[in-house]
1. Name every residue in region 226-265 that is away from the ligand (no atom under 16 Å from the Cβ) and out of contact with any helix residue (DSSP H, G or I) (no Cβ under 9 Å at 6 or more places or on another chain), in order of residue number.
2. If ALA33 satisfies every condition in (1) within 16 Å of the ligand (Cβ to nearest atom); (2) in contact (Cβ under 8 Å) with a residue 24 or more places away in the chain; (3) in contact with a Pro (Cβ under 8 Å, 6 or more places away or on another chain) but one, which is the exception?
3. Output the number of the condition that LEU204 fails; it satisfies all remaining conditions of (1) under 14 Å from LYS144 (Cα atoms); (2) under 24 Å from the mean Cα position of the chain (by Cα).
4. So which residues in region 38-65 are within 13 Å of the ligand (Cβ to nearest atom) and out of contact with any strand residue (DSSP E or B) (no Cβ under 8 Å at 6 or more places or on another chain)?
5. Of all residues in region 332-342, which are in contact (Cβ under 8 Å) with a residue 24 or more places away in the chain and open to solvent by 10 Å² or more (accessible area, probe 1.4 Å)?
6. Please note which helices (runs of 4 or more DSSP H) are completely contained in region 174-262 and include at least 1 residues that are within 29 Å of GLU105 (Cα to Cα).
7. Name the residue, out of THR91, THR123, that is within 16 Å of the ligand (Cβ to nearest atom) and touching a residue at least 40 places away in the same chain (Cβ under 8 Å).
8. Can you find a residue that is at pLDDT 95 or above, among the small types (Gly, Ala, Ser) and under 21 Å from GLU433 (Cβ atoms) anywhere in region 47-59?
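The values are calculated or read from the model by the stated rules, or taken from the named source; none is laboratory data. Quick caveat: nothing in here was measured; it's all calculated off a predicted structure. As a convention, Cβ positions derive from the backbone with ideal geometry for all residues, glycine included, and neighbour counts pool all protein chains shown. When the accessible area is computed, the model is the full protein with side chains, heavy atoms only, and any ligands, DNA or RNA have been set aside. Shrake-Rupley method; radii C 1.70, N 1.55, O 1.52, S 1.80 Å.
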Amino acid sequence: MTTSQPHSTAQSEALFARARAVTPGGVNSPVRAFRSVGGVPRFIASAQGAYLTDADGTRYLDYIGSWGPMILGHNHPAVREAVTQALAGGTSFGAPNEREVDLAELIVGLTGAERVRFVSSGTEATMSALRLARGYTGRKYIVKFRGNYHGHADGLLVEAGSGLMTNAEGELGAAAPSSAGVPEEYAGLTLVLDYNAPEALDALMAARGEEIAAVIFEPVVGNAGVLIPTPDFLAALHRVRDFGAVLIADEVMTGFRLSLSGATGLLSLDPDLRCWGKIVGGGLPVGAYGGRADIMDFVSPQGPVYQAGTLSGNPLAMAAGIATLRELKANPDLYRQLDDYATRLAAGLREAAARAGVPVSINHIGSMLTVFFQGAPDGSVRDYAAAARSDTAAFAAWFQGLLSRGIYWAPSQFESIFISAAHGEAELSATLEAAAQAFEGVES
Ligand code: HOZ
């Protein structure tokens, strides 16, 4: 697996050409287009365990895991069985069903949230949670952090992370770090601060706390690459409630991934509301938001804040989510296993990079990890500006070196990788061997 091979990409190239004719940029989500790393995006034909197979029949060891939800590995038998069973009973009702209650009870039991509302994506979850916070407080302004990404709702595409950290040509920061089409009046209601800067947050709250409806944050950032919060920053986040602001943890990536109770549980946080996605749907399109009953009861039809959706609580998606959460609940040791894999992966990558003379700084927590191509000490990349100092050309060369050796890493410097239960010893050795060779091909 680790020999660099000129895999055929003819089928992916042909599909990409067809896709470009009918879809903007040939993809349905920007990072997938490989623009910041170059080359042909692989069109995936199937996925099993820790592996993806593309349209040309090449098998890749997958570190994206659909950007998080495939924590059990692709096509896990329990999830497949649950979806198959649900399918026999119909695909959508637009009416209440028992599985919604089952999944909500599971989430409430695992996280301590008192009420949950299902939607169909993480973007819908954050957008709805913010409307709720505004309805609950009667205030207009929200606070977010530079490089945090909370989906693509207007007002959240302000100094955002993920695909917004690179422009179409993959150049860092060359495009405005927000989107065209967002009226400045909306963006003006979003106040942006640096992540891990508790003094700035305290100062803003002291000056304008009475105007702030909500502070939304990634409890561990995945969308600027992995950034880990400092205890001081977490303490400052909790102080925003002294001003009546609603504290919203965006756990779309971290929920049920960093622990059974997410980053919130792992880091002992106590947000008012949380947003989920990814794992909650076991790989099917689901998002959710939930938290304190007195706030959640402002949601329609109980309260005056409107939010609705025909596909919310979809029976197939609920079935996949229930099966995934039940598996996780039945195997709590999995989190230790994932952390052990990631810790050994980080150590091996550090060693290999040092041998090749390539400066890297690795951030890792649980099963999330980013290799920043820069010489800062490990753990010191703590905000957007620090992440942005990475050498994206060196990252792209390393990414291509991995891909040609059958390892599918996240195709951007500013994303996390996600490890699954299906990643074992063979996968770890293959990755470290390929990574060492790929580092040799990076000009430093
Ligand atoms: N923006 C997502 C990662 N932060 C990628 C979504 C996708 O391409 O599926």
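1. ILE228, PRO231, HIS238, ARG241
2. Going through the list (1) within 16 Å of the ligand (Cβ to nearest atom); (2) in contact (Cβ under 8 Å) with a residue 24 or more places away in the chain; (3) in contact with a Pro (Cβ under 8 Å, 6 or more places away or on another chain), ALA33 breaks only (2).
3. (2)
4. PRO41
5. Within region 332-342, PRO332, LEU334, TYR335, GLN337, ASP339, TYR341 qualify.
6. Helices (runs of 4 or more DSSP H) meeting the threshold: 231-239.
7. Going through THR91, THR123 in turn, the sole match is THR123.
8. Yes, there is a match, as at least one residue in region 47-59 is at pLDDT 95 or above, among the small types (Gly, Ala, Ser) and under 21 Å from GLU433 (Cβ atoms).
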